[in-house]
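Novice: First, the structure itself, so that you have it in front of you.
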Amino acid sequence: MEQIRPKLWDTLKHYSKRQFAKDLISGIIVAIIALPLSIALALASGVTPEKGIYTAIIAGFLISFLGGSKVQIAGPTAAFASIVAGIVAESGMDGLVVATVMAGILLILMGVFRLGSLIRYIPYTITTGFTAGIAVTILIGQIKDFFGLTIKTAEPSLRQWINFTLCNSFFLYCEYRGIWSWCNMSFDSNCLA
């Protein structure tokens, strides 16, 4: 049981006011980044913005309180926004709660039975493919915002997504030239530069 004891208990024995000041500044900096990010990811997941804030605050506290290291790197990730959005769209918030509880139970069981090393048996190509797939999903989702386009349908058709590719940029220009937002494009381009 000693091995799964939270690191916080050991850290607090040698905690000083100086360390608290550093942690407080770090916490403010992380909050400046994490809170708007959690709002954006909540919206991308199909839930209300306040759920993102609640999640960031409660999960951040629990991770730091129960974590196994005195230096934790955890927070909202865009990789799961598409997964969460699918669960919310298909099963609603109740389905999301059930999926979250199930994932938590599995993680606790894997920790208790020390099964974290099983990741080495998942082929590198699968983890790379998952990461690349999420990156492409996020990229495609941002293209319409980059150009300032308003797509009327809830789910864009395959033809609309194909039109967003670089190869078909001329066709995209011809079809959407009246609704492009040049202000959006110039602002976004400056941000990328």
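The values are calculated or read from the model by the stated rules, or taken from the named source; none is laboratory data. It should be emphasised that the depicted structure is a prediction, and the values quoted were computed from it without experimental measurement. Counting neighbours? That spans all protein chains shown, and the Cβs are built from the backbone with ideal geometry, glycine included.
Novice: List the number of the failed condition for Pro123; all other conditions in (1) without any contact (Cβ under 8 Å) to a residue 60 or more places away in the chain; (2) surrounded by 13 or more Cβ atoms within 10 Å (Cβ to Cβ); (3) not β-branched (Val, Ile, Thr) hold.
Specialist: Pro123 satisfies all of (1) without any contact (Cβ under 8 Å) to a residue 60 or more places away in the chain; (2) surrounded by 13 or more Cβ atoms within 10 Å (Cβ to Cβ); (3) not β-branched (Val, Ile, Thr) except (2).
Novice: Here is a further query. With respect to Lys13, determine if the residue is modelled with pLDDT under 80, outside the structural domain of Thr127 (by TED's automatic domain parsing) and farther than 21 Å from Ala135 by Cβ.
Specialist: no
Novice: On to the next question. Against the definition (part of a helix (DSSP H, G or I), more than 26 Å from Asp23 (Cβ to Cβ) and either assigned by TED's automatic domain parsing to the domain that holds Leu8 or among the acidic types (Asp, Glu) (or both)), how does Ile108 come out, yes or no?
Specialist: Yes, satisfied.
Novice: Could you please tell me which pairs satisfy a Cβ distance under 6 Å, a separation of 6+ or placement on different chains, a first residue in the stretch 94-111 that is free of Cβ contacts under 8 Å to residues at least 40 places away in the same chain, and a second residue that is part of a helix (DSSP H, G or I) and surrounded by 12 or more Cβ atoms within 10 Å (Cβ to Cβ)?
Specialist: Gly95/Ile87; Ala99/Ile87
Novice: Does Ser69 satisfy the condition of being in a helix (DSSP H, G or I) and of a type in the set (Ser, Thr, Tyr)?
Specialist: No: the conditions fail for Ser69.
Novice: Might you let me know whether the stretch 127-149 holds any residue that is at pLDDT 70 or above, in a helix (DSSP H, G or I), more than 23 Å from the chain's Cα centre (by Cα) and hydroxyl-bearing (Ser, Thr, Tyr)?
Specialist: no
Novice: Would you confirm whether or not the stretch 162-173 contains a residue that is assigned to a helix (DSSP H, G or I) and either among the basic types (Lys, Arg) or modelled with pLDDT of 70 or more (or both)?
Specialist: The answer is no, given that none of the residues of the stretch 162-173 is assigned to a helix (DSSP H, G or I) and either among the basic types (Lys, Arg) or modelled with pLDDT of 70 or more (or both).
Novice: Across the stretch 41-56, what is the total count of residues that are without any contact (Cβ under 8 Å) to a residue 12 or more places away in the chain and in a helix (DSSP H, G or I)?
Specialist: Within the stretch 41-56, residues that are without any contact (Cβ under 8 Å) to a residue 12 or more places away in the chain and in a helix (DSSP H, G or I) number 5.
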